[in-house]
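What follows is a set of notes on a single structure, which appears directly below.
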Amino acid sequence: MRYALLDTIEGLKRGDLWVSLGWHDVKQRYRRSTLGPFWITLATLIMVSGMTLVYAGLFRQELKTFLPLVASGLVIWGFISGCISEGVNVFISASSTIKQLPAPLTVHIFRLVWTQFIYFLHNTVIIVLVIVVTGISVTPSTLLAIPALLLLIVNMTWMCLLLGSLGARFRDVPLIVQSFMAALFMITPVMWQPSFLPPERQWVAFLNPFTYLVEIVRVPLLGTAPSLSMWLITTAMAIGGGVCAAILYGRSRTQIAFWV
């Protein structure tokens, strides 16, 4: 665990490296494209529009109140799913760089999270647009989205480190994660809220840790403050998950270069 912490500190010190690599990844993905990364924004906007029209009817919700819920949920989930889907392959994808570039392996974790955060920032345009259109009031509680987003980033970082280490050692792990992502999307309140479920079935949402990761950012964006229990649970996830990821990475860090 000690070596994992040292690697993390060294990786943070190399911010110039993973920031530039992250920007390079974004530019390469949309090279020669007219809209560039805003193609993601356009795709998300189309998805938000379609999902709102369909699910508002299914859940019998008013469009004015349901649109902000879906827009914020899909944008936040895009960041989460992007980190998880690519995080499980983070060391495998960077195998050539790992073997050629003498840098802490955590650089690749920060590079991935930073890249996904750039995409997230592009999609926040949709949230701002929806807030303006629907007339949601910006309150002091809205500022709580900033520390909530920091907590989300911390949780995504340890998840990428944990899944990346497992994925490098066991090549079935990426396939397992990819298989479960669709099911995870359905049981996580991205386009719905736990209150939509009958009281006897709400436990499905509350036992899902991703419920808290989505809600702690979405709730302040919609103008209210997250509950104390939500802050405590996401903080406990960040600490507990970070310790588990550090222990696993600390034991496997010297072998990852050979596994990939």
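Taken together, the values in this text are just the output of simple stated rules run on the coordinates, not laboratory data. All figures in this text were calculated on a predicted structure; none of them were measured in a lab. Glycine also receives a Cβ, built like all others from the backbone with ideal geometry; neighbour counts cover every protein chain displayed.
Observations on the structure shown:
- Comparing THR124, LEU53, VAL26 along the charge dipole axis of the chain, the residue lying farthest to the positive side is VAL26, per the Cβ-charge model.
- Length gained when the stretch LEU101-SER49 is fully extended (0.36 nm per residue, less Cα-Cα span): 14.4 nm
- With neighbours defined as other Cβ atoms within 10 Å of a residue's Cβ, the residues LEU222, LEU161 order from fewest to most as LEU222, LEU161.
- Since only SER96, GLY78, VAL113 are under comparison, the one whose Cα sits farthest along the positive direction of the charge dipole of the chain, derived from C-beta charges on Lys, Arg, Asp and Glu, is SER96.
- Pairwise label distance in nanometres, THR139 with LYS27, each label 7 Å out on the Cα-Cβ vector: 4.3 nm
- Placing R0 at 35 angstrom, the Cβ-Cβ distance between ASP16 and SER85 gives a FRET efficiency of 0.85 after rounding to 0.05.
- Relative to the dominant Cα principal axis of the chain, helix 145-169 is inclined by about 40°.
- Counting only Cβ charges, +1 for Lys and Arg and -1 for Asp and Glu, the dipole size of the chain around its Cα centre is about 540 debye.
- Compared with the rule-of-thumb size 2.2 N^0.38 Å for a compact globular protein, the chain has a Cα radius of gyration ratio of 1.04.
- Order of GLU200, GLU215 - criterion: other Cβ atoms within 10 Å of each residue's Cβ, fewest first: GLU200, GLU215
- On the basis of the beta-carbon distance and an R0 of 45 Å, LEU6 and THR224 show a calculated FRET efficiency of 0.65.
- Simple rule: put +1 on each Lys or Arg Cβ and -1 on each Asp or Glu Cβ in the range 2-259, find the dipole, and look at ILE176, MET191, PRO220; the Cα lying farthest toward the positive end is ILE176.
- 0 to 90° range, to nearest 10: angle between helix 63-87 axis and the chain longest Cα axis: 10 degrees
- For the range 187-219, backbone nitrogen atoms closer than 19 Å to the point 7 Å from ILE146 Cα along Cα-to-C-beta are found at 216-219.
- Where only DSSP H runs of four or more residues are counted, the chain gives -25000 deg cm²/dmol as its mean residue ellipticity at 222 nm, each run worth -39500 (n - 2.57).
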